[in-house]
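The values are calculated or read from the model by the stated rules, or taken from the named source; none is laboratory data. Please read these numbers as outputs of a predicted model, since none were measured by experiment. Every residue, glycine among them, receives a Cβ derived from its backbone with ideal geometry; neighbour counts consider all protein chains shown. These area figures cover heavy atoms from the full protein model, side chains too; ligands, DNA and RNA do not enter into them. Shrake-Rupley method; radii C 1.70, N 1.55, O 1.52, S 1.80 Å.
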Amino acid sequence: MPTLLEALEEKYGMEPDEKEEHVEEEVLVSIFVPKLPPRQSTPQLLILNDCNIDRAGEPEDLKKKCRIVKELDLAQNKLNNWNEVFVILSHMPRVEFVNLSLNHLTGPIQKPPVTKMDHLRNLVLNNTKLEWCSVEKLLRLLPALEELHLSLNEYTHVLIDTVNPTERSNSANSERGSTDEGSSEGTATDASSNNNTHDGSATSQTKEQQQQKEEVEETPYASCSCSTSSTESQQQQTDAEEPPPLQTDPHGGVRKLHLTGNYISEWGEICRIGRVFPQLEALVLADCPLRSLKPTDPQGNESEEESHKYFQNLKLLNLSNAKIDSWEDIDRLAEFPSLCNVRLQYWPLWARTDSTTEHERRQLLIARLPNISILNGGDTIGAVEREDAERSFIRHYLDKPDAERPRRYYELIGVHGQLDPLVNIDLRPERKVKVRFTFEDKAIERTVDVNRTVSDLKSRLERLFDVPAARMRLYYVDQDFRDLQGLEEMKYPHKVLYSYNIRSGDEIIIERKVKS
């Protein structure tokens, strides 16, 4: 398999100084043939996807050729070692965008040749099966990272967090036990005195913990902590469960995160994302089987924590193809303070809603989400459309009992007042009318479909009056204008009947054509 350097030379050609230097001295006549010269340097946008690249190549040549590269696409190659990736990136000091999708990068991250990459802003790692412990180490190396793609990596949980799971559970237990403080003052006093008697042992234990923490910080790029022996007991304890999340520092640079096509189903896992990326502005969770936006505790019970607590800056949220089946989750979206752009397509909720059209569903969503300006990728919601949607929302719940009316209904009543239901006026013409057919001394009333043509009507009258359609003349008589305009011959065979404004009670006279 070729190295990156070999793939680069094969695609973009050789440099001028590598051309043949020997020219035949015997040649007396030279012919100039214009042609494109070979590239003197690699382009700033370097695309080498699907080239079977598995390693970097000669470092000096790579450094010489790739020093100006700003965007690198290495998707669908054979890279499986992060050391090779770091070697490549270490020779591209200006690189801002890197796509490593469809490379099998599951292995642990060792200490790279460069400690940080200060220019890399966009990293795409879709379908690489990258473990969360490797994600956590990459975040330390990429202080300037603004956009991260982790789609199709088969994640079921988010295994990074800014909170130690043990401390979090202890704090929850302390909150639950705060109501018993008054009855346990004596016990607390005894415990404090006991701590004072063992001050030396407590101090030594604190020093040991601090020393362990310093050792971990000194070797942040060691083998993946998800698979170290220090967590073997925890993994054995939770054989069927995911290991507890890694504690990491928040990354204040990431603004966009893509997690499309993963298997995350609980919003509590997404809350970890909010804690790790507090400045997040765009979150794409399309094709993730999220069941609700209500956070849950580790036991699966609904938490009192607010859904939007860790997403104060979130502006765009894509939840298409989620498994959400509750209008309450729509109301939770309305509480996100900065959210203005959402995608909520293909939910089970829409299959069972009592709205019959997509337009009505859109109106219900616009009315429930007062801060949303873009819905499902459509045009910006204007003031007129919003007012129409809010009025339609009020009328939608007019006949519903109070128990089924959401809080938003009463908020909109305060804005628009109590509205009357709209009168249902159908202005469409009658499709079927009763017409009197007269032929000589015979008269028959029949129901006629006004969407039929004159030719079709003649063929049907042929069986009633025993007159061939080819020898039949029809005359339309309007019951209201009989005396004013008389008869109107229906002589165009392909003309539709409703174009004559036929109504129930009108008459059609049939005559037989006279042979000439």
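A few remarks follow.
- Set the Cα radius of gyration of segment 302-368 against 2.2 N^0.38 Å, with N its number of residues, and you get 1.15.
- Accessible heavy-atom area order of Met472, Met1, highest first, probe of 1.4 Å: Met1, Met472
- In straight-distance terms, cross-link reach from Lys434 covers every one of the lysines whose alpha-carbon lies under 29 Å from its own, apart from those fewer than eight places away in the same chain; here that gives Lys442, Lys458, Lys491, Lys495, Lys513.
- With all protein chains in place and a 1.4 Å probe, the accessible surface of segment 354-475 carries 46 percent carbon and sulfur.
- The mean accessible area for residues of segment 280-352, using a 1.4 Å probe and ignoring ligands and nucleic acids, is 47 Å² per residue.
- Applying Stokes-Einstein at 37 °C and 0.692 mPa s to the Kirkwood radius of segment 60-158, computed over alpha-carbon pairs, gives a translational diffusion coefficient of 241 µm² s⁻¹.
- When only Cα pairs below 8 angstrom with a gap of at least 6 residues are kept, segment 400-516 shows a relative contact order of 30 percent.
- Diffusion constant of segment 280-326 at 37 °C, which comes from Stokes-Einstein with the Kirkwood Cα-pair radius and 0.692 mPa s, µm²/s: 278 µm²/s
- Links that overshoot a 32 Å alpha carbon limit, given the list Lys78/Lys111; Lys256/Lys400; Lys432/Lys515; Lys65/Lys129; Lys400/Lys432; Lys137/Lys309: Lys256/Lys400; Lys432/Lys515; Lys400/Lys432
- Once C-alpha pairs closer than 8 Å and six or more residues apart are averaged by separation and normalised to the residue number of segment 247-310, the relative contact order reads 37 percent.
- Computed from the alpha carbon atoms alone, the convex hull of segment 374-516 holds 238 Å³ per residue.
- Under the combined filter of DSSP loop state and at most 13 neighbouring Cβ atoms within 10 Å, segment 278-325 retains these GluC sites (Glu not before Pro): Glu304.
- As a length-normalised measure over Cα pairs under 8 Å and 6 or more apart, the relative contact order of segment 44-101 settles at 43 percent.
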